[in-house]
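*Asks:* One structure, pasted below without further comment.
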Amino acid sequence: MSEKIGKGKVVGFSYTLKNDSGEVLDKSSEPLVYLHGGGNIIEGLESGLEGLSVGDSRKIDVAAREAYGEYDAQLLQKVEKEAFPTDTPIEIGMQFQARSDEGVMVFHVKEVHLDHIIMDGNHPLAGENLHFDVNIASIRDATGEEKQHGHAHGAGGHHHH
């Protein structure tokens, strides 16, 4: 009887991620290993993997709100250009960290204008529906230590920070 993905299993899967228009956003070079039920991967993907066995392939569609959230226009900020260091040219897609009441937020540069820059605090994939093509590579029981720590440990069982 083959094992199925469920809580407390360490699962390895490879994937291709596309957006609604079918462009590839991300692709695993080697299987991604995670502890199922630990909340370590996006919710909609985790629930879509539930119950699969090794060798299964599945297309999992995750709505934006179950992935990186809806797009929030309030997270757009206009910043005067002189607030940025002059020695680096500011380019679209660059990331900056900013402290806020909620902790550290990551903003990326959305638009560059002559005297100001539009910063976007949304995750780059916010508001995108995600389409995963997954292939299950491995399933095993989590070790006691993994369960305790709430995530899978790499090959050799050592922590990498």
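*Asks:* For the range 57-66, check the following and say yes or no: at least one residue is of a type in the set (D, E), closer than 15 Å to L130 by Cα, in contact with a His (Cβ under 7 Å, 6 or more places away or on another chain) and outside any loop (DSSP other than H, G, I, E, B).
*Replies:* yes
*Asks:* Condition check: surrounded by fewer than 13 Cβ atoms within 10 Å (Cβ to Cβ) and either under 19 Å from E111 (Cα atoms) or assigned by TED's automatic domain parsing to the domain that holds I136 (or both). Does K59 satisfy that?
*Replies:* Judged against the criteria, K59 is a match.
*Asks:* So Q74 ticks every box in (1) under 21 Å from the mean Cα position of the chain (by Cα); (2) over 30 Å from R140 (Cβ atoms); (3) part of a helix (DSSP H, G or I) but one. Which box is left unticked?
*Replies:* (1)
*Asks:* Can you tell me which residues in the range 62-86 are hydrophobic (A, V, I, L, M, F, W, C) and exposed (fewer than 14 other Cβ atoms within 10 Å of the Cβ)?
*Replies:* Listed by number, the residues that qualify are A63, A73, A83.
*Asks:* Quick check on this structure: which one of S2, S47 is surrounded by 11 or more Cβ atoms within 10 Å (Cβ to Cβ), among the hydroxyl-bearing types (S, T, Y) and more than 30 Å from H113 (Cα to Cα)?
*Replies:* S47
*Asks:* Oh, and also: Here are some conditions: (1) in contact with a strand residue (DSSP E or B) (Cβ under 7 Å, 6 or more places away or on another chain); (2) of a type outside the set (F, W, Y); (3) surrounded by fewer than 16 Cβ atoms within 10 Å (Cβ to Cβ); (4) under 25 Å from Y15 (Cα atoms). E146 meets all but one. Which one does it not meet?
*Replies:* If we test E146 against (1) in contact with a strand residue (DSSP E or B) (Cβ under 7 Å, 6 or more places away or on another chain); (2) of a type outside the set (F, W, Y); (3) surrounded by fewer than 16 Cβ atoms within 10 Å (Cβ to Cβ); (4) under 25 Å from Y15 (Cα atoms), just (3) comes out false.
*Asks:* Would you please name the residue that is surrounded by the fewest Cβ atoms within 10 Å (Cβ to Cβ), looking only at residues in the range 111-137 that are in contact (Cβ under 8 Å) with a residue 60 or more places away in the chain and β-branched (V, I, T)?
*Replies:* Applying the filter and picking the extreme gives I136.
*Asks:* Among residues belonging to the range 93-110 that are exposed (fewer than 12 other Cβ atoms within 10 Å of the Cβ) and touching a strand residue (DSSP E or B) at 6+ places or on another chain (Cβ under 7 Å), point out the one that is nearest to L17 (Cα to Cα).
*Replies:* Top of the filtered list is G93.
The values are calculated or read from the model by the stated rules, or taken from the named source; none is laboratory data. None of these values were measured; they are calculated from a predicted model. Don't worry about glycine lacking a Cβ; one is built from the backbone with ideal geometry, like all the others, and counts go over all protein chains shown.
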